[in-house]
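Here is the structure we will look at, set down as structure tokens.
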Amino acid sequence: MGLLDGANAGTKEGIKVPNNEVNIEVRIPTILRPYTKDQKLVSAKGSTLSEVIADLDLNYRGLGDRLLENGELRKFINVYINDEDVRFTGGLDSPTKGADSITILPAVAGG
Amino acid sequence: MVLHISQDFVDQITAQAYAELPNEACGVILGPTGKDQASRLKPMFNAAASPVFYEFAPKDLLALYRGLDDDGEEMVVVYHSHPTSPAYPSSSDIAYAGEPGAHYLLLSTREEIAPEVEFRSFRIIDGVVDEEEVVIIAT
């Protein structure tokens, strides 16, 4: 087993760049730009939307709380990976990879 | 702040609100970024199809924002109708309001005031509602 572990570790070393090391472009809406020093476009890392949000929150403290509530995406917020609304692609578990573009938009809705 | 809006847009929004009864009607008026000019009316589909709620379909919303980026425009006005209540933001209007730079324009077509309608405009930022004057420009 020890040998096998060693072999696997070696293989891992050989992989060029794991997904979670690749920058993903994230578009930030006006209302959340106070958290990103007014930047409209930021980058983040992660192999799922959940990891991307955690990474965003590390760099832009407080942003995570504006996106999540009790561990779920807030209903006032729409998140898209490329052109897909993440509600239809697995929510926070939606896979993300380098060259993906994430867009965060406030829902336009009311009573 | 003051919302300047053309009579033509007022008429078109009113017609849309009546056409979509009993449901709420909704849409935006776009304008060049940073100018606060309500220059291009864009009625939107109410995905909620409800007399007491409106929501832009997520796909429509994304397409709308993509278009804004491409054309150097912004959402100057977000409007919707209240078929049975006054033109004042409801608690969900306030909770959802996510465009701090937009004029939130409400139109009431409630029966009590027919055939008149009521237009009122507000800024809604972080749960705080500020009414503003509506100036209608003759067209």
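Annotations for the structure displayed:
- On a per residue basis, the convex hull of the C-alpha atoms belonging to the protein assembly as shown measures out at 138 Å³.
- Ranking B:T139, B:A48, B:P86 by Cα position along the charge dipole of segment B:34-139, where only Lys, Arg, Asp and Glu carry charges on their C-beta atoms, puts B:A48 farthest toward the positive end.
- Shielding of B:95-102 by partner chains, average beta-carbon count, 10 Å: 6
- Across segment A:26-40, computed HN-Hα scalar couplings (Karplus, 6.51 cos²θ - 1.76 cosθ + 1.60, θ = phi - 60°) run 10, 8, 9, x, 3, 5, 9, 5, x, 7, 10, 6, 6, 6, 8 Hz from first to last residue, x flagging Gly and Pro.
- Tensor-based shape of segment A:19-106 (alpha-carbon gyration tensor, a/c under 1.5 rounded, otherwise prolate or oblate): rounded
- Look at the dipole of chain B built from charges on Cβ: of B:V129, B:A19, B:I113, the Cα furthest out on the positive end belongs to B:A19.
- Of the cross-linked pairs A:K45/B:K35; A:K37/B:K42; A:K97/B:K42; A:K97/B:K35; A:K75/B:K35; A:K40/A:K75, those separated by over 26 Å at the C-alpha level are A:K45/B:K35; A:K37/B:K42; A:K97/B:K42; A:K97/B:K35; A:K75/B:K35.
- Long-range HN-HN contacts of A:T96 with modeled amide H, under 5 Å: A:T48, A:L49
- Integer Hz, Karplus 6.51/-1.76/1.60 couplings in order for segment A:67-83, x for Gly and Pro: 9, 10, 9, 6, x, 10, 5, 5, 6, 7, 10, 9, 10, 10, 9, 6, 9
- Tail fraction, Cα-Cα pairs, segment B:2-137, threshold 18 Å, whole percent: 51
- Residues whose placed amide H lies under 5 Å from that of B:V129, excluding near-sequence neighbours: none
- Segment A:40-101 versus segment B:1-70: alpha-carbon centroid distance in Å: 27
- Going from the fewest other Cβ atoms within 10 Å to the most, the residues B:M44, B:M1 appear in the order B:M1, B:M44.
- Residue order, fewest to most beta carbons within 10 Å, for B:E74, B:E131: B:E131, B:E74
Values in this text are rule-based calculations from the coordinates and carry no lab data. Everything numeric here is computed off the predicted structure, so don't read it as measured data. Because the Cβ atoms are built from the backbone with ideal geometry, glycine has one as well, and the counts that use them run over all protein chains shown.
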